[in-house]
Structure formats: structure tokens, C-alpha cells
Amino acid sequence: MSSPATIDVIVTHVVNVNSLIKRFHFARLDGQPLPAFSGGAHIIVEMQDGENRRRTPYSLMSSPLDTDDYQISVRRDDQGRGGSLYMHQQVKTGMQMRIGYPTNLFSLDKRAPKHLMFAGGIGITPFLAQIKQLIATNGNFELHYSVRNQELGAYINELAQTIGNRLHTYYDDKEQRIAFDTLLSTQPAGTHVYVCGPTPMIEHVLKRTAALGWPKVHVHYEHFAKALPGEPFTVQLQASNKTVEVGENESMLEAMEAAGVDAPYLCRGGACGQCETNVIEHNGTLLHEDHWLDENERVSGKKIMPCVSRFCGTQLVLDR
Amino acid sequence: MATKACDLPFRKETFRDDFTFRNSPETIKRAPFPFDKDSYMYAVNMELHKDGRAGTAFENPFDVDEHYVAEMQDRALVLNEDPLRCQSLPHMKLAGWDVLELLMTHKASSYPEWFSLTRDGNQWHWINRPMGIDQKFTFGDETTLPYEPLEYITRQAQGDFCVLDERDGNLWMDAGIVTTQADWSLDFDIGMNFFEWHAPVPLAHEKGIFTRALKYLLTIQQGNPARRLNWTMTVNPRLDTSPENYHVWGPENIQITPENVGEKLFLRIELQSFWRLPRSNAMLFPIRCYLLSMQDLSTVPKWATRMHRVLQTLPPEIASYKGLDGYRDIAIEWLSQFDNGAPTSSGSYPD
């Protein structure tokens, strides 16, 4: 399980969606069909960025039933560790890349009589695939999509054409806001809520649904943490008997992999729990950035998620 | 040239009434013997389900053996008597198509001489030579098949199949076909979650086995199926040991004697695998049953020795849960003739 199966692909198109977002299309290198997937799934894209091998999750936005063409959209992040910059600057049509099999941590509940969707900015991508799936199965849904301004409102025109009045758009620069409380108070019984977007938006929906009495299991969110750049540090891997330097622009997991340690992972965004690692000892601060460990586990100082979290101190020993 | 039915290596036999089921010597040796050491305890004994060594039940992802056609005839008899052995809750339709695709594509690529699948978009053509089936249909349109997709394809595949929906960090038994089971009922378990349907198992809950197993299962993704082996024992080579039919097979549990134990008592092995399904994100959980009589086991000295030691040291709670109390001592006594006390080699394959 530590090394998920991968697929060799070729980049068939790179499309400028707007000034911040590019769309990438992949087909299988051997010409065979790609695996079908379910709306909300993501793939890990491997990038050989000089010395660094990055593996970054991106939501699939193409139709889950289209096995010839996978599509992802990447928003450029000038302050990030360089993954999105690599995609924007280095990846060209015709390039060969490697991706993981689709994995879904943001699946539709197929029993729901209605799906209420909240998207913020680039968080629209998993909904694009889910909506194609729901259209194919006559599902009942409604999308509320908040963007900064018209120019950055990716895919609004396509959505307006395909889903018509089931799309509701909100522009920050026109002071338009989603009326969460009204919407969350007027849904038919059994509705499921889905949210993907900036952290404050996700946290707001979680808070309001709880306050308004929504069952927890009817509220779904896609929350990939990003592996952020940070101060370099050193980690000792006791089981592997190795000491690894983690550089400013690499994650702890990437540094372990570069040292030849076969560490488990699945989402690489602090969401799935697969890379959870026991901390044997440390003398500083564990910088938790994941959405997996609960407050008690964080306070205990005994667990860390190396895909996104970092360390500040001089000694960190992991059971890996 | 078309293969004639009489050229195919499938036995004509029964799993009820006169019990004409027999294993050939080759089939005995390729069985997935479940004990890798001389004792048994519950564990999260999962591993990747990769194509295994040639000449074993692990060689292909969905094993087809000499009992295939007869097992499918037995399944048809069970379904005819009790249609509730195959059920699917309404939200599992998409998963049914996923199962059909998975089984057809694997069978056609593993056994091209027996199965073929031709696809032109959604127009599919399926040929199953051992069962004499030639079916053209539209993928995604169940009106073009004689049964719902799940039932259609699992009437042509050995073993039981449970289809588990993933929701709320749990797995739910929301569809399946169950006719070759070790005393459990799909009709009873349908709609239950992973902890609910495992509730009757002794000792394992306290050891945290199910919490860890679920955590592992939820991370299984497309392209990386996993498997584990489970086991129990059955009197007579009966596939359908269901709670619904307990009145038929229950009384047989007290018919084992020192004279008939070799032929009448069977080790029942379950090769369980776990597959993430693409369109539905559901999990397919096939449970394939292999039957080996004590006599069959005695043809592989290491296995007979090990079976003897496992039964001797088995915790009483597990023996009772598996229903072995009526014949365990008789089996131990009979198997002792194959145990000379010497150590067995590691692993579970024959020497």
C-alpha cells in the first residue's frame, strides 16, 4: 500500500483558463483507456522538478465516464513551494508524466434526494466532475459558486450552459455573498451538503451546519492542506536507520522518499491519514498542518503527518 | 474453432443430496491453504492481491477451477428457491455495473480460451464458453440483460460477492449475492455497517482487529486490490451452509465418526479479496470458497500435520464460533496419524 499503482500519461493539451488558472489534459501513454472514476476523486501528479520529486493531489474535473481524457485545473501560487509554478511553467503539450490512480475522499452520497454544493474559487474542480455524474444519473443538485471577480470565475460560462438555473454565482468585487444560513435552513429533508474552497469558507459551513442541527454525516468537505515551504530541519528515521535533511521547499515525506524510504501515503494533503507516523522523541515544536489528527493527538506530541507537517527544533526522531 | 463442451475441463458434480463433488490431485495442490504456521489466531492478515505464483489459486485475480460449471448450477438452484440471496439497495445500481466490468475484463484477460469480451463504446459482446452464453448488451442499460448487472455476472462467477458502499468513514453491506456462505445471511446483514455485521465474531473486537481492518480497507484504491484468507469447517461438500437452510445441514454436524471423518469433514477456505470500484467508489468484497476433505489434506503431509496442530491448539471460543465442537476431537484423533512431531517448513505452500 505504501507505493500506490501509477499510470504513465502524456499531456495532450495545456489550456489557459484565465490569468491564474491553467487546465491540463492527460491521456494514457499506451493508448489504453484510463480508469473510470467517481465524481470528487483526485489524482496525484508526479513532477520531477530538478532535484525534487513532487507528488501533488489535484481534483479530476472531467467527466468520470470519459476514459480517454483526464482534466485537472491548476491555480498558480506564487508563494507556494513551486508545484503549481512547475505545472504552469514547465509542463507542455506532448510531455510524458506519471499520475496515480484516482482516489476519492469527497464522494457523493448516492442516497441523497438532493445535493447542495458550495464552491469557492479553484474549489470548483471536484464539483465539475460530480455534476457530470449527477446529470448522467438524473440527480438533484444546486451549486453556489463564489469567485473573486468575473475574470477569475473559471468555468462559469460552461456551467451556465449545462446546468442553467441550478448555478448561482457570487462575485466578491460586487459584494455578493452566499446566504449560507438561509440556504441551510430551507433544504428538503435528507439533503447532503458539500463544500470545497478556501479554509474560512469550509470552516464557516461546518460551524453553521452544526449550529443549525445538520447531521454531521450529511456534511462533506474537501480539504486538502498544502505542504507549505518552511525552515529546513533534520529528522531521524529510527526504523530505517537514516537521518534526513528536509529542505525549505520540500515536504518531510518528499525528503524521506528522496532518501529511499518507502513511506506510506495516499492523498499527500493531510486528509486521508495514511502517512500517520509515530514520533519517538523531539525537543521542539511539531508544526501540524493536517486535517487528520485530532486535538488530543496533536497535544500528545506522539503523532505527525509528514506529507504536510514540519518541525521546528534540533531533534526529531520518527518511527519510520 | 469453437470449443465443444465435452473438451472443457469442468467436472459434473453436486454439492447437495448425493454429494458427488471431488477434487482432482492438481486442484488439491493449488488450494490456498490458510495456515502459515502451526497455530491460529485472528489477525489483520491482509496483503496485496497481486498475480501470484503459477499453479496456485492466486495465479489470477478471479480464479476459475474445475468446479466452475457445477458451482454455477448449484447457485442457480439456490436462487431459484430463495431469490433474496441476491439483493441490491437502490443507490447501488452504478456499483453493479462496476462489478460486471471488473469481472468480465479480468476473466477475458485471464482465461481467453473460455471467456471473451468485445467492447465498442457501450455496445458490449460477452462470450462465456463453459456455460454456453453469448450475450450482446448495452453497458449501463439493464433492460438489455436478463438480470440486473450484479446478478447477471455473479451467476457466472465462483464465490460470493458483497458490494460495500463507503460513507461516513465506514463500509455498508448494501448489495451482494450470497449462496456459498459459512452460516451468515445477506438478507439479515443487508444495510449493516462493518462493525454491525462483524458483531458476532468472538475475541477479535477486543483485540482492535476490526478498527484496524476497516482503516486499512478504506485506503484501498483502484489498481491495488488486497486479500486475506479465512477458514472454517463443513460436514459434506456443501456450498450453501446458510442460516436459512440450517434445518437441512445443521443435523449433519453430528454425523461425523472416526470411520467417515476423512471423507466427510472438509476444511472450508475462504479467499477474500477487496477491490475499489471505479464509478461508484464502492468496495467489492468477493468471498471465494474452496473445500478440501481431511482425506484431500492427507495427500499433502505438511498440511495434514499443520491442520492437526491448529485444531489441537485452537482457543475454545473460536472453535465454538466456527461450529467445530461436534467433531473437533474426532478430527484431531484422525489427523494425529500424519503428525510425527517434526517441525513444519515456513509458509503455507506444500513442500
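Read-outs: derived from the displayed coordinates by stated rules, not from any lab. Since the structure is predicted, the reported quantities are computational estimates derived from the model, not experimental observations. A quick note on method: Cβ atoms are made from the backbone with ideal geometry, for glycine too, and the neighbour counts reach across all protein chains shown.
To the nearest µm²/s, what D does Stokes-Einstein give for the protein assembly as shown at 10 °C and 1.306 mPa s, using the Kirkwood radius over alpha carbon pairs as Rh? Value of D from the Cα-based Kirkwood radius: 58 µm²/s. Region A:6-104 has equivalent-ellipsoid semi-axes of 20, 15, 13 Å, by the square roots of 5 times the alpha carbon gyration tensor eigenvalues, sorted largest first. The aspartates and glutamates within cross-link reach of A:K114, meaning a Cα-to-Cα straight distance under 15 Å and a gap of 8 or more places when in the same chain, are A:E142.
At an R0 of 35 angstrom, the distance between the Cβ atoms of A:T182 and B:N170 translates into a FRET efficiency of 0.65. Extending 7 Å from Cα along the Cβ direction at B:T20 and again at B:S336 yields two label points whose distance is 3.8 nm.
Note on region B:1-140: Cα-only Rg and Dmax are 17.8, 52 Å. Here the Kirkwood formula, the inverse mean of 1/r across different C-alpha pairs, assigns region B:160-312 a hydrodynamic radius of 17.2 Å. Each part reduced to its alpha carbon centroid, region A:1-50 and region B:71-118 end up 32 Å apart. Projected over every direction and averaged, the convex hull enclosing the alpha-carbon atoms of region A:115-221 yields 6.5 nm². Hydrodynamic radius of region B:243-351 by the Kirkwood approach over all distinct alpha-carbon pairs: 16.0 Å. Each Lys or Arg adds one and each Asp or Glu subtracts one; over the other residues with Cβ under 9 Å from the Cβ of B:M233, this totals +3. Comparing Cα centroids, region A:100-150 and region A:265-319 end up 30 angstrom apart. Using only the Cα atoms, work out Rg/Rh for region B:74-131, with Rh taken as the Kirkwood radius, to two decimals. Using Cα coordinates only, the ratio equals 1.04. Using only Cα atoms and rounding to the nearest 10 degrees, what angle (0 to 90) does helix B:93-110 make with the longest principal axis of chain B? For B:93-110 against chain B, the angle is about 70 degrees.
The value obtained for region A:245-320, namely the Cα convex hull volume divided by the number of residues, is 82 Å³ per residue.
The base-10 log of I(q)/I(0) for region A:177-225, evaluated at q = 0.16, 0.24 Å⁻¹, reads -0.41, -0.92 [Debye formula, identical scatterers on Cα atoms, solvent excluded]. Summarising the overall dimensions of region A:82-170 from its C-alpha atoms, the Rg and Dmax are 15.5, 44 angstrom.
Our analysis of chain A gives Rg over Rh at 0.97, with the two radii drawn from alpha carbon positions and Rh computed by the Kirkwood formula. Projected over all directions and averaged, the alpha-carbon convex hull of region A:162-296 occupies 12.6 nm².
Using a cut-off of 31 Å between Cα atoms, the listed pairs A:K207/B:K215; A:K216/A:K303; A:K226/B:K215; A:K302/B:K207; A:K22/B:K50 include A:K22/B:K50 as exceeding that distance. Each principal axis of the Cα cloud of chain B was evaluated for its coordinate range; sorted largest first, these ranges are 61, 51, 40 Å.
What residue among A:C272, A:C307, A:C196 has the largest mean-square fluctuation in a Gaussian network model of chain A, using Cα springs under 10 Å? Evaluated over chain A, the most mobile residue of the options is A:C272. Of the GluC sites (Glu not before Pro) found in region A:125-230, those in coil by DSSP whose Cβ has at most 13 other Cβ atoms within 10 Å are A:E151, A:E175.
All distinct Cα pairs of region B:108-188 go into the 1/r average, and the inverse of that average, the Kirkwood radius, is 14.7 Å.
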